[in-house]
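Before any comments, here is the structure.
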Amino acid sequence: MRLSITRAVSIGAVGGLAAFLSSGPAAPHGAQLFILLIGWAGYSRFGDKLAGLKPALAHLLLGAAFAALALVLVTQLPYGETLGAAAWTAIVAALTLGALAYAASLPGLGAFAAALLGYVALLAAAAIGGADKIVALAPDNAALIGVLSLVAGALSGCFADALAETAQKYLPLRRSPTRSATSA
């Protein structure tokens, strides 16, 4: 079987399983499929199974940490009342995104796009679960749900790659018949 087919089947199978789990058994715990897929996209940036998982998680979690900082600043400091919520949010976003871009340029963290995925995913989790819960020590904390969904996504991508490689190894390779130059 061709690698593109085994890869497509493994991605479909793991993606379907993730969709089932996040909308079924894991739904009461706040699992978010689209955040999981963002984590998978971050993993896909690096690929290469377990070797790619480490930098993917580092970048995704770096972005999530900066987003958590932004959410804490916006929701917990009273400057929004003085400056206006939109102005304070814009200042915090500018500062944390600038700091994230700088941090992503440091050695070992050279993929700003992957870090930005982590930032966006945590903001999405807060939009769904409530940004005010960002500092709550509770199971519905948006940061906790976002980070767990990101990690699950990166692990899903890694699992899909391993599944495709295993299928490629054990399923017979089917080659299309070649045509000679004289037959047309």
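The numbers here are math on the coordinates, done by the rules we state, and not lab data. As the structure is a computational prediction, the values presented were derived from the model and not from experiment. Note: ideal-geometry Cβ built from the backbone for every residue, glycine included; neighbour counts use all protein chains shown.
Through the Karplus equation 6.51 cos²θ - 1.76 cosθ + 1.60, θ set to phi - 60°, convert the phi angles of region 74-84 into ³J(HN,Hα) values in whole Hz; use x for Gly and Pro.
Along region 74-84, the couplings run 5, 8, 9, 9, x, 5, x, 6, 7, 8, x Hz.
Per-residue HN-Hα couplings for region 29-35, Karplus 6.51 cos²θ - 1.76 cosθ + 1.60 at θ = phi - 60°, whole Hz, x for Gly and Pro?
Calculated HN-Hα couplings, in order: 9, x, 4, 10, 4, 5, 6 Hz.
Over the Cα atoms of region 88-142, compute the convex hull volume and normalise it per residue, giving Å³.
Expressed per residue, the convex hull around the Cα atoms of region 88-142 is 94 Å³.
In debye, nearest 20, what is the charge dipole magnitude of the chain about its Cα centre with +1 on Lys and Arg Cβ and -1 on Asp and Glu Cβ, if you could check?
That gives a dipole near 1000 debye.
Counting each pair of different Cα atoms once, what's the Kirkwood radius of region 40-121 in Å, rounded to one decimal?
13.2 Å
With a 10 Å cut-off between alpha carbons and a GNM built on the chain, which of Ser22, Ser156, Ser105 moves the most?
Its mean-square fluctuation being the largest, the pick is Ser105.
Helix-only mean residue ellipticity at 222 nm, the chain, DSSP H runs n ≥ 4 weighted -39,500 (n - 2.57), per residue, nearest 500. What is it?
-25000 deg cm²/dmol
Using a cut-off of 13 Å between beta-carbons, work out the net charge of the residues near Ala143 (Lys and Arg +1, Asp and Glu -1, Ala143 not included).
Local charge sum for Ala143: -1.
For the chain, divide the Cα radius of gyration by the Kirkwood radius and give the resulting Rg/Rh value with two decimals.
Rg/Rh: 1.14.
In whole Hz and in residue order, list the ³J(HN,Hα) couplings for region 64-72 that follow from phi through the Karplus curve 6.51 cos²θ - 1.76 cosθ + 1.60, θ = phi - 60°; x for Gly and Pro.
5, 5, 5, 5, 4, 4, 4, 5, 5
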